[in-house]
Structure formats: structure tokens, C-alpha cells
1. Answer with yes or no whether residue 203 is in a helix (DSSP H, G or I) and either more than 8 Å from the ligand (Cβ to nearest atom) or of a type outside the set (Ser, Thr, Tyr) (or both).
2. Just name the residue that is modelled with the lowest pLDDT out of those in region 58-108 that are away from the ligand (no atom under 12 Å from the Cβ), part of a helix (DSSP H, G or I) and acidic (Asp, Glu).
3. Could you grab me the full set of residues in region 109-123 that are β-branched (Val, Ile, Thr) and within 9 Å of the ligand (Cβ to nearest atom)?
4. Kindly provide the set of residues from region 30-51 that are over 22 Å from residue 93 (Cα atoms) and surrounded by fewer than 20 Cβ atoms within 10 Å (Cβ to Cβ), ordered by number.
5. Looking only at residues in region 109-125 that are over 20 Å from residue 13 (Cβ atoms) and outside any helix (DSSP H, G or I), which one is nearest to the chain's Cα centre (by Cα)?
6. Is it true that some residue in region 254-268 is outside any strand (DSSP E or B), small (Gly, Ala, Ser) and under 22 Å from the mean Cα position of the chain (by Cα)?
Amino acid sequence: MKAIVTGGCGFIASHVTDRLVNLGHEVTVIDNMSTGFRENICHHLESKSIKLLEFDLGNLKKTEKALKGADAVFHLAANADVRHGLEDSFRDIDRNLIVTYNILEAMRKSDVKKILFSSTAATYGEPDVFPTPETYHPRQTSFYGASKIACEGLIEAFSEAYGMQAWMYRFVSIQGERHPHGVTYDFVKKLKANPKQLEILGDGTARKSYLHVEDCVDGFFLGFGKATGRTNLFNLGHEEYVNVKKMADIVTSEMGLKEVKYNFTGGERGWVGDSPLVHLDTGRMRALGWKPKISIEETVRRTVRWLLANPYVYKR
Ligand SMILES: NC(=O)c1ccc[n+]([C@@H]2O[C@H](COP(=O)([O-])OP(=O)(O)OC[C@H]3O[C@@H](n4cnc5c(N)ncnc54)[C@H](O)[C@@H]3O)[C@@H](O)[C@H]2O)c1
């Protein structure tokens, strides 16, 4: 298979790239390096096992040219930052929705029929059903979630209109090696600067499910291999969840720190658009034979160890 990976220098997509190369596929990575790191895929660049195209997917002409002759697009490029969405209400439309439109339009013109898409648990907003199934009808609470659910809609419309096939995955928060943003990243950064105190957004009670990136990529590929619908939508998450204070306890313990003073900023939510509980029903994915292999605690501990050993992710 000739596979295109958008955002392949980023966290999750670099693991997707690893998997595709290991399976023997021909891989082209497209990345504008806005949040990606060459270090994440340098092992492939040295061995020339992938091609890297550096440009912004906002450019339709370049996207069309790059997709010619491809069999499938693994579309993970996005603005993955939920928290700062309020600062610019157009950013998620531009970086997520318009970029996804460009991918779909380029696929249509180049006759590429398969797309895998990284959506998010944020599309559920603040649901009142837990664990939340794919069939839940959500109300949006963030520009990021709204842009991603709009992307899903566009993918469905293109699939229907032009005979494409799509696999879309709503992830919980993903952690593990190369983790570049999110709670564990923030905690380690703050604790490296000051090991005696930790500012925690919210009151520490928000409960979240997390998934190790290897479990996430396993699900991504299993769904692609097994689900045969025109559009296939899956939740990917853990049956476990933990609260934010517990996350802080795991991080401080893995860093070998004692008696760290926690300063809570207060409120059930860490920021506007944050959700006090994220817990997804993964029955659809499990019916295909998938389940997470790594506990949340082990995932967080591995993430901390990796962050401490790889400071390059704090360069930006
Ligand atoms: N990390 C998570 O917890 C999480 C959870 C749910 C969904 N997701 C989704 O998974 C995907 C990957 O997230 P991540 O955490 O690995 O993010 P990331 O920021 O590490 O990776 C995104 C990559 O896309 C590239 N990129 C962004 N916009 C681009 C553009 N216009 N043109 C070319 N390249 C561009 C960036 O440079 C980066 O390499 C995203 O779609 C994100 O929304 C992530």
C-alpha cells in the first residue's frame, strides 16, 4: 500500500508511521512542522524508509500533487490543542476543517478512496451518558470538538458522494512515548521548573480516561483491517479513568518527588471546553477483538520516564 500520513512528525502519527513502515508499506509523511518534531521520525529518514514532504495542508494544489497514486490517507494533522481554542475562533476551522476539506478534495481529484481520521472524545462536549457511546447525540463545548465533528460530517458526505471509505476514531487523551502536550507534559514541565509546588488547573476532581499510544495505534489498524462499512466510527478509550489529582500523584511519584504542594486553580473544569468526566464506551471496537493492554497508571509512568529522557519535546 502507498500510504500518506498527514502530521506524521507529530506524536500519534509518528507511531502510525512506525507501524506502516514495519508492515512494509510505502509511506509519505506530510507535515508543516508547526507542532511536529523531525526527531520523532528521524530513524526513518536516516534509513530512507519514508518520504517527508514539508508543506502546509492549507495549500490545496500541493496537497493534490502529493496524494497522486496513493492508496490510503492516514489523516492525523490538526491543531490538537483544545485549551487555547478560545483565543482565536477561526483557528480550528482553518487548521482542522479546511485542511480536512483539502485532503478530501485532493483525494477526489486523485481518485484516492480510503481515509482514516483522528477525531476526538471532545466531540461529545459534556455528555450525560457514561460510558459515552458513538450513538450519543452531542452538544459542542469547544471550537476544537466542533471542528472535529464537522470534519466527520465532511468525510461522511465525501464518502457518500464519491464512493470513498472512511474509518474515524474518537480518541480519549493519548499518552506515551513522544507525548508533546496535555496534562502529564504540563505537570513534568512545571515540576522540572519547581519540584516543590505544582499548579493544577481546576479542583483536581475532573475524571479522565487515558490511553497509551500503542493501544491507540492497535485500534486504529484493527478497525481499518476489519470494519467494512462505507463510514466506520469508533471510540478508542480505556475502561479505567482517573482524576487529575491522582494523575499528579502518579507523576510526582514517578519523578521521585515528595511533599509537593498542590495549588488548585479551582472549579470543576480546568478551562472553558474542558469536561469534568471523559469515559467512552468502546464496545464497538472491543467487538472487533481490541482492548487496551496498558493500564492508565503504567501509561502515565512510561510517559513521565520518556519526557525526562527526551527534553527535545520541551524545545517549543
Ligand atoms: N493527543 C491526544 O491526546 C489526542 C486526543 C484525541 C485526538 N487527537 C487527534 O490526533 C491527531 C494527532 O494529535 P497529536 O497529539 O499527535 O498532535 P501533534 O500536534 O503532535 O501532531 C499534529 C501534527 O500535524 C502537523 N500539522 C498540523 N497542522 C498541519 C498542516 N496544516 N499541514 C501540515 N501538517 C500539519 C503538526 O506539525 C504535527 O506534526 C490530531 O488530529 C488530534 O486532533 C489527539
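1. Details: in a helix (DSSP H, G or I): no; either more than 8 Å from the ligand (Cβ to nearest atom) or of a type outside the set (Ser, Thr, Tyr) (or both): yes.
So residue 203 does not fit the description; no.
2. Taking the candidates together, the pick is 87.
3. Narrowing region 109-123 to residues β-branched (Val, Ile, Thr): 112, 115, 120, 123.
Passing the criteria: only 120.
4. 38, 39, 42, 43, 45, 46, 47, 48, 49, 51, listed by residue number.
5. Step by step, filter region 109-125, then rank; the result is 125.
6. Start the filter on region 254-268 by keeping residues that are outside any strand (DSSP E or B), which leaves 254-260, 265-268.
Imposing the further condition that a residue be small (Gly, Ala, Ser) reduces the set to 256, 266-267.
Imposing the further condition that a residue be under 22 Å from the mean Cα position of the chain (by Cα) reduces the set to none.
No, that holds for no residue.
Results for (1) touching a residue at least 12 places away in the same chain (Cβ under 8 Å); (2) closer than 21 Å to residue 121 by Cα; (3) buried (at least 21 other Cβ atoms within 10 Å of the Cβ), shown as yes or no for each residue.
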{"site": "184", "(1), (2), (3)": "yes, yes, yes"}
{"site": "191", "(1), (2), (3)": "yes, no, no"}
{"site": "204", "(1), (2), (3)": "yes, yes, no"}
{"site": "213", "(1), (2), (3)": "yes, yes, yes"}
{"site": "227", "(1), (2), (3)": "yes, yes, no"}
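The values are calculated or read from the model by the stated rules, or taken from the named source; none is laboratory data. Worth saying up front: this structure is predicted, and the values here are computed from it rather than measured. We place every Cβ from the backbone using ideal geometry, glycine too, and count neighbours over all the protein chains shown.
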